[in-house]
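One structure below.
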Amino acid sequence: MFPSPLTADRRIQVNGPREVLAQRFSEVRAHTLALAAPFSAEDQCIQSMPDTSPMKWHLAHGSWFFEVVVLRAHLPGYQAFDERFFYLFNSYYEALGPRHPRPLRGLLTRPTLAQVHAYRAHVDAAVQNLVAACDDSAWREVMPLLTLGLHHEQQHQELMLTDILHALSCNPLLPAGRPASGSSHRAALRVAPASVPLRWLAGPAGTVLVGHDGDGFAFDNETPRHEVLLAPYRIADRLVNCAEYLQFIEDGGYRRPELWLSDGWAAVQANGWDHPPYWIAPDDDRAPAGHWQVFGLHGVRALDPLAPVSQVSFYEAAAYAEWAQARLPTEFEWEAACAVPGITEMTEQVWQWTRSSYDPYPGFRPFGGAVGEYNGKFMVGQLVLRGGSSATPAGHTRPSYRNFFPPGARWQFSGIRLARDA
């Protein structure tokens, strides 16, 4: 099982006592190391494509965030672990200086993994010192930044797993990243005990409120809460499973241009897509078998027909929906449906593509200061995903949470929920 010290009733609090936030800080940071522990130093240095990052880089970047955003500004006399790291581990914050090119992160064999661990320990000790020593006025500034940093770290916990899975999938040996276990684990999809027909549920229609309600932490892109008007619609009570997606494949889904958006069909043709990226066809020489298989963090396993289909792009999700005589829900339909009785698999399975572009809400205002670059500048050319996946840290998401990726992204734990006009 993937170790997860944070459970749904132990979310990172915004206004808790200092000692509570200090404990959460220790837990989240320790969880990051626990996720990385099974992987070798060689595993943690590799970068398999420009969109991913090495696990070692993720480990360092989380510390970079606390060091640059919190410690350098708020801990008097703070001494950086290594000022060169400000450049190496910046992600995209223009206000915080230049950075090493993202596609070249896999070339950073130095610093070593041991040095990155030492960097994390240095930053952890300084943060705990800051929490204990700063006065109340400073704490009011530090506390929201630390809280943001912990949620940022949790996002990278999931990216560590999605990125290393992609890297391992490129290895012809198809090595398992984690040992097999007889028990369930958080990075394997939760499977329904038996196949059940998909049911269509009536979604809330009319004027509804969407966005974060102000209770607890939220990213700036979840605000402000506002009204939207929803036409009558129906939404599937569960996710599309592998058996259903296999029917789409066997019906020529990847060979029928009439099902695809223009850019999606171009992607199919340019990249030779004919099934989800980690599916292994029966005639695949890498793992010969008489049936479909799937590669995951625990290696090659038989494809479970009842597991939600995962690692599909928006283009594939939209094409499947067209084939199924349905559509994808908008992000607001999805959010409103969270309260519908009988709906299942809204989180802890796969992120769910919506038909909504990633746009600012009316009256959107980014976080102040350098962290204002966190979300707003990416609000173009991306699609919103809702929910949360089996690799998402427990307690990290909420119904208003807005994930986002380009429509061709297919290395995340992303799947499909259908909707229809009523």
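The values are calculated or read from the model by the stated rules, or taken from the named source; none is laboratory data. No experiment lies behind these values; they were computed from the predicted model shown. Neighbour counts run over all protein chains shown; Cβ positions are idealised from the backbone, glycine included. Areas reflect the complete protein model, heavy atoms only, side chains present, ligands, DNA and RNA absent. Shrake-Rupley method; radii C 1.70, N 1.55, O 1.52, S 1.80 Å.
Please indicate, with yes or no, whether at least one residue in the stretch 48-66 is over 18 Å from the mean Cα position of the chain (by Cα), over 28 Å from Trp351 (Cβ atoms) and either modelled with pLDDT of 95 or more or not polar (S, T, N, Q) (or both).
No: zero hits.
Is it the case, given these coordinates, that Gly290 is touching an Asp or Glu at 6+ places or on another chain (Cβ under 7 Å), assigned to a loop (DSSP other than H, G, I, E, B) and small (Gly, Ala, Ser)?
When the stated conditions are applied, Gly290 does not pass them.
Within the group Trp57, Trp64, which residue is out of contact with any Asp or Glu (no Cβ under 6 Å at 6 or more places or on another chain), closer than 21 Å to Gly368 by Cα and among the hydrophobic types (A, V, I, L, M, F, W, C)?
None of the others qualify; the one that does is Trp64.
From the set of residues in the stretch 225-276 that are in a strand (DSSP E or B) and either free of Cβ contacts under 8 Å to residues at least 40 places away in the same chain or aromatic (Phe, Trp, Tyr) (or both), which is least open to solvent (accessible area, probe 1.4 Å)?
Tyr233
Any idea which residue in the stretch 374-401 is surrounded by the fewest Cβ atoms within 10 Å (Cβ to Cβ), counting only those that are of a type in the set (D, E, K, R) and over 23 Å from Arg24 (Cα atoms)?
Checked the stretch 374-401; the qualifying residue surrounded by the fewest Cβ atoms within 10 Å (Cβ to Cβ) is Lys377.
Mind listing whichever residues of the stretch 43-77 are free of Cβ contacts under 8 Å to residues at least 60 places away in the same chain, out of contact with any helix residue (DSSP H, G or I) (no Cβ under 7 Å at 6 or more places or on another chain) and either assigned to a loop (DSSP other than H, G, I, E, B) or open to solvent by less than 40 Å² (accessible area, probe 1.4 Å) (or both)?
Those that are free of Cβ contacts under 8 Å to residues at least 60 places away in the same chain, out of contact with any helix residue (DSSP H, G or I) (no Cβ under 7 Å at 6 or more places or on another chain) and either assigned to a loop (DSSP other than H, G, I, E, B) or open to solvent by less than 40 Å² (accessible area, probe 1.4 Å) (or both): Pro76, Gly77.
Let's see how each residue does on (1) open to solvent by 10 Å² or more (accessible area, probe 1.4 Å); (2) at pLDDT below 65; (3) under 20 Å from the mean Cα position of the chain (by Cα):
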site: Gln157; (1), (2), (3): no, no, yes
site: Thr162; (1), (2), (3): no, no, yes
site: His166; (1), (2), (3): yes, no, yes
site: Pro172; (1), (2), (3): yes, no, no
site: Ala176; (1), (2), (3): yes, no, no
site: Gly182; (1), (2), (3): yes, yes, no
site: Pro193; (1), (2), (3): yes, yes, no
site: Pro197; (1), (2), (3): yes, no, no
site: Gly203; (1), (2), (3): yes, no, no
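Of all residues in the stretch 24-42, how many are open to solvent by 50 Å² or more (accessible area, probe 1.4 Å) and acidic (Asp, Glu)?
1
Evaluate the stretch 293-306: report whether one residue or more is open to solvent by 20 Å² or more (accessible area, probe 1.4 Å), at pLDDT 95 or above and under 30 Å from Thr223 (Cβ atoms).
no
Could you tell me which numbered condition Thr109 fails, if it satisfies all but one of (1) within 18 Å of Gln157 (Cα to Cα); (2) part of a loop (DSSP other than H, G, I, E, B)?
Condition (1) is where Thr109 drops out.
Tell me the residue from Gly342, Gly387, Gly381, Gly363 that is in contact (Cβ under 8 Å) with a residue 12 or more places away in the chain and touching a helix residue (DSSP H, G or I) at 6+ places or on another chain (Cβ under 9 Å), please.
Just a single option satisfies the conditions, and that option is Gly387.
Kindly indicate the residue of the stretch 78-93 that is part of a loop (DSSP other than H, G, I, E, B) and closer than 13 Å to Arg110 by Cα and also most open to solvent (accessible area, probe 1.4 Å) among those meeting that condition.
Arg84
Tell me which residues, restricted to the stretch 311-344, are assigned to a loop (DSSP other than H, G, I, E, B) and open to solvent by 10 Å² or more (accessible area, probe 1.4 Å).
Within the stretch 311-344, Gln311, Ala324, Gln325, Ala326, Thr330, Cys338, Ala339, Val340, Pro341, Gly342, Ile343, Thr344 qualify.
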